[in-house]
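Visitor: Here's a structure for you.
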Amino acid sequence: MATIGNMLKRSFSTNVAKHAIQNVTIIGGGLMGSGIAQVTAQAGQSVTLVDVSNEILKKSETAIQTSIARVAKKLHKDDPTAAKQLSEGVLSRIKYVHDTEKSVENADLIIEAIIENIEIKHKLFKVLDQAAPKNTLFASNTSSLSIAEIASVTKRKDKFGGLHFFNPVPVMKLLEVIRIPETCDETYNSMMAWGKSIGKTCITCKDTPGFVVNRLLVPYIAEAVRMLERGDASAEDIDTAMKLGAGYPMGPLELADYTGLDTGVFILEGWHKKFPDNPLFKPVELQKKLVEQGKLGRKSGEGFYKYSK
Ligand code: 3HC
């Protein structure tokens with residue numbers, strides 16, 4: 001039974017986030033990492049964006065420049081000087097670096113947004129655990145792996161959580177904050193407060209496959225592909241139906257193309273392996289076939305639809 005002292009302690013720690021986060025290191029300069037870097041810098045915080053590939057870092061820089069220019073133009077429609085100042089301010093707060101160990105020297109929070117491979121994530125977090133100050137908080141932006149499994153190689157599970165963003169990061173208002181049993185109140189509260197500080201609405205979910213959004217979205221998209229496979233309706237009609245009949249901004253097949261068919265296949269296969277009896281996680285042949293043909297969606301120029309560059 002909770003004592004009054006414990007209850008007070010808990011209520012104090014749920015209201016006060018002691019860890020004011022100002023320096024954020026993001027590992028992985030892909031679409032998600034770049035988006036997280038942008039929104040963090042937009043909130044006035046210092047960002048270090050790390051990637052081992054020079055080419056990816058160059059691409060991230062260009063993507064952030066384009067995206068922030070779009071945001072600035074929207075916010076300051078009639079004032080190009082203010083728009084320019086906003087863009088320049090944001091860009092000046094982002095450093096692009098290669099050296100992972102050096103990049104975390106002053107980090108209050110590290111967010112990992114690298115490839116969805118547990119061995120590679122383990123290797124990275126072992127290095128980070130050694131290199132980062134002992135108070136630095138660790139988070140993963142994984143969309144489908146277990147946070148507890150990722151955190152298992154570190155000695156700071158109390159400072160570990162999931163921070164799951166959505167694509168496009170500057171536009172989607174949600175942030176899923178995931179606690180593992182070892183995540184302490186202070187870490188959780190700091191993560192929730194940080195999410196709010198960068199303008200996101202935070203929700204909490206246990207460390208379950210796909211958390212809330214992907215747990216619902218991935219099986220929904222899979223069933224849409226099965227409908228197409230069965231010939232129940234055309235791709236265009238499935239998408240139109242969900243846009244006009246359910247008010248979604250994109251239909252399921254458009255969304256699959258947008259997030260990448262390879263991502264969808266990877267998530268379903270991983271979950272199916274772990275939970276073979278769950279029919280919702282059964283891989284879909286057509287989705288796999290398209291990926292084998294290199295049709296990965298928007299990023300490759302073709303998926304369920306064709307895209308001009
Ligand atoms: N940076 C900044 N602003 C952007 C942007 C970017 N990268 N992309 C779009 N925008 C802004 C535009 O400026 C525009 O703003 P305005 O309406 O105020 O002028 C607004 O967003 C809409 O953009 P567009 O007019 O270009 O296009 P649409 O109206 O078709 O919207 C969309 C595009 C926002 C992507 C919309 O279709 C949408 O919300 N789709 C659903 C996306 C979704 O479900 N994402 C979640 C995927 S799951 C996921 O990410 C989980 C992961 O683990 C895989």
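Visitor: Out of all the residues in region 55-89, which are within 16 Å of the ligand (Cβ to nearest atom) and under 20 Å from the mean Cα position of the chain (by Cα)?
Guide: K59, S60, E61, T62, A63, I64, Q65, T66, S67, I68, V71
Visitor: Shifting gears a bit: Can you find even one residue in region 235-248 that is within 30 Å of I180 (Cα to Cα), within 15 Å of the ligand (Cβ to nearest atom) and of a type in the set (G, A, S)?
Guide: Start the filter on region 235-248 by keeping residues that are within 30 Å of I180 (Cα to Cα), which leaves none.
Among the residues of region 235-248, not one is within 30 Å of I180 (Cα to Cα), within 15 Å of the ligand (Cβ to nearest atom) and of a type in the set (G, A, S), which makes the answer no.
Visitor: Go through region 174-199 and give me each residue that's within 16 Å of A139 (Cα to Cα) and part of a loop (DSSP other than H, G, I, E, B).
Guide: Listed by number, the residues that qualify are I180, P181, E182, T183, C184, I198.
Visitor: Now for a separate question. Give the residue, chosen from I198, I203, I180, I221, that is away from the ligand (no atom under 11 Å from the Cβ), buried (at least 19 other Cβ atoms within 10 Å of the Cβ), of a type in the set (V, I, T) and under 30 Å from S67 (Cβ atoms).
Guide: Only one candidate qualifies: I198.
Visitor: Still on this structure, I have one more. What number of residues in region 44-71 are assigned to a strand (DSSP E or B) and surrounded by fewer than 19 Cβ atoms within 10 Å (Cβ to Cβ)? Let's see the steps before the verdict.
Guide: Kept after step one, since they are assigned to a strand (DSSP E or B), are these residues of region 44-71: 46-50.
Filter once more, keeping what is surrounded by fewer than 19 Cβ atoms within 10 Å (Cβ to Cβ): 46.
Total satisfying the criteria: 1.
Visitor: A further question on this structure: Return the total of residues in region 255-290 being closer than 20 Å to F304 by Cα and over 19 Å from the mean Cα position of the chain (by Cα).
Guide: Within region 255-290, residues that are closer than 20 Å to F304 by Cα and over 19 Å from the mean Cα position of the chain (by Cα) number 10.
Values quoted throughout were computed directly from the atomic coordinates according to the rules given, and no laboratory measurement underlies them. Note that the structure is a prediction, hence the values are computed from the model and not measured. Note that we place each Cβ from the backbone using ideal geometry, even for glycine, and neighbour counts take in every protein chain shown.
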